[in-house]
1. Please give the calculated 222 nm ellipticity per residue for the chain, where each DSSP H segment of at least 4 residues contributes -39500 (n - 2.57) and the sum is spread over every residue; nearest 500 deg cm²/dmol?
2. Of the options 377, 90, 416, report the single residue whose Cα projects farthest towards the positive end of the charge dipole of the chain (beta-carbon charges: Lys, Arg +1; Asp, Glu -1).
3. Between residue 395 and residue 500, what length in nm is gained on full extension when 0.36 nm per residue of separation is reduced by their alpha carbon distance?
4. For residue 319 paired with residue 221, estimate the spin-label separation in nm (one decimal), with each label point 7 Å from Cα along the Cα-to-Cβ line.
5. Measure up 85/410; 2/172; 536/614; 254/410; 85/426 against 24 Å on the Cα-Cα distance and list the ones that go over.
6. With r as the distance between the Cβ atoms of residue 50 and residue 388 and R0 = 51 Å, compute the FRET efficiency 1/(1 + (r/R0)^6) and round to 0.05.
7. Which trypsin sites (Lys or Arg not before Pro) in the range 343-423 pass both tests, a DSSP loop state and at most 16 other beta-carbon atoms within 10 Å?
8. Could you work out the local net charge near residue 596, counting Lys and Arg as +1, Asp and Glu as -1, over the other residues with Cβ closer than 10 Å to its Cβ?
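What follows draws every value from the coordinates through simple rules; no lab data is involved. For clarity, every value in this text was computed on a predicted model and none was experimentally measured. In this analysis, Cβ positions are derived from the backbone assuming ideal geometry, glycine residues included, and neighbour counts consider all displayed protein chains.
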Amino acid sequence: MKLLLTAINAKYIHSNLAVYSLRTSALAAPAFPLPVEIALAEFTINHRTEDILREIYLRKPDVLLFSCYIWNIVYVRELAENCRKIMPEVPIWLGGPEVSYDAEAFLRENPAVDGILCGEGEETFCRLAEYYGQLAEYSGQYGRDAGRYGRHDCQRSGQRPGQGQAGAARLKEIPGLVYREPDRSREEPGQPEREGSIQVNPPAPLPDLDALPFPYSDLADFENRIIYYESSRGCPFSCSYCLSSIEKSVRFRKPETVCRELQFFLDRRVPQVKFVDRTFNCRKSHAMAIWTYILEHDNGITNFHFEIEAELLCEEELELLSRMRPGLVQLEIGVQSANPKTLAAVRRRTDLDRLQETVLRIRRGRNIHQHLDLIAGLPFEDYESFGRSFDRVFAMEPEQLQLGFLKVLKGAAMYGDAARYGIVYKSQPPYEVLSTPWLSFSDLLRLKAIEEMVEIYYNSHQFGRTLERLVPAFPSPFAFFGELARYYEGRQEGQKSSRARKYELLLDFAAERFPKEEARYRELLTIDYYLRERAKARPSFAPDQSLHREELRKLLKELPRQVHVEAVSAGTAKALWKAPGGAAAEPDGEAEAAFLVFDYEKRDPLTGDALLTKVSLESGAEPAGHDTEEVRKK
């Protein structure tokens, strides 16, 4: 008996923690060993559905289960319908947040699906796997024909699937199931079974997190992929757009258990472990214990990602975070809006001043990547208001500024609030906002275009030195990205452009608005270009270096490593120089040209930039650019 747990992820680098947790929980249950194989199959939404269908069919499952989310539910519906056609005897079960909150309606609309595992699935799946394992044992005892199961039961004496009374009774005992019951009262000899009522079992009890087994044993399939881990479930907050607000209680895995399991990743030098806890630091003792362990057992490679509430961090936690190796920890912080009326409407309690103070303090430490989020389409937030929220978050200088758009999720409070606020959203996944009384669809299109510019030019960290000079030349950061988006729109260019073309477009944009500074922007963009990699071909926008050919040749002979050296004006070099602590500092002398060295063996762990120094034939190198501990020591 083979149960196939199937996940369809949004990207190749993602993995599905749910299917791994379900499998390990079932295999560790007291009822096992049973004659049941629990197999996993992971795909992405970039796979063709016909390829996924082929792979599922070739795996020959006896029971098929899908993990369902907003990004894959369209694929799951299509696959379930086609799997029913080519494997009519195979039961098809679904689970996950996209089907848990309207299970009865979903079953009525999707006749190919036999049932749904609602809520946290470990207990429910264990019982369901045990049920099918007992059917397999029955088959072994009474013969293959007797044990040939169908949708909900084995076939016996020529009965149709589901007609075994004992089997149906056992399904009713499994908490968390919503499934179809056959309508036996209307059956006629020789006629197909007709679908009857939908059975809704009581919800499963919430599991003790410490009782759940560690979901990972072999990491061979996780090369170049993110590993997800949870140390808690639930959230103490009530944000109306979030599914985590449904369950008010928060349950924690014991810190000693968490630390022991994290050592498994550390020993194997996993590149990144992403905690899926909704608010990791909602219990100080829990966060401190885990962060302390990570600090003390740092292997120099593994990065840990946490979603936190910044304003909850106390002095002790901030001091601990300040001692982390650069790149050891990254923090995701949801700001969502800086409009007090908006925050109140979505039931989000935020001390924005405290949040900003905390983010800026962490920023000054130059050792932790911070990812800040905004959501467009919330109540009372119009285009101008969102612009003010954007500018406030931009001023916090996060490494990533994520512009999201409201998704009205089934089960979240906003699902009921949307009509009251007049929020219009897509009927199909991902249920994204289309308009509000404060934001028209046209406004949302403008924000989408700004989001694209932020992704290309800010979040990529490929244009940092140029943006430091260009953004302040506009009334606000939001105004800058809005103007840049309009410039792009006129040329129908975007993320599909080549890397070099993106630099050229930004240069054209800057030169059109500030023609007297075109030479300066050429140099800044060239510096940004070489900070990321030692390009084999010199970009078309780079300044001519022929006047400094002899000096460059002599410097390259004297430098010990494979580096790139660029000649720039003294004024551009001044703009780059940062003294320890971030204050501007003037380089010595007023030479006509300054020579910058890009060292690709030493990179900023937060941005990936090469180490940048100023060098001369007489005085040697002075550090510039990113102000890391390594540079300060030098």
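1. Helix-only estimate at 222 nm: -11500 deg cm²/dmol.
2. Farthest towards the positive pole: 90.
3. 35.0 nm
4. Here the modelled spin labels are 4.5 nm apart.
5. Exceeds cut-off: 85/410; 254/410; 85/426.
6. That gives a FRET efficiency of 0.60.
7. Here the trypsin sites (Lys or Arg not before Pro) that fit, given the DSSP loop and packing criteria, are 347, 349.
8. -1
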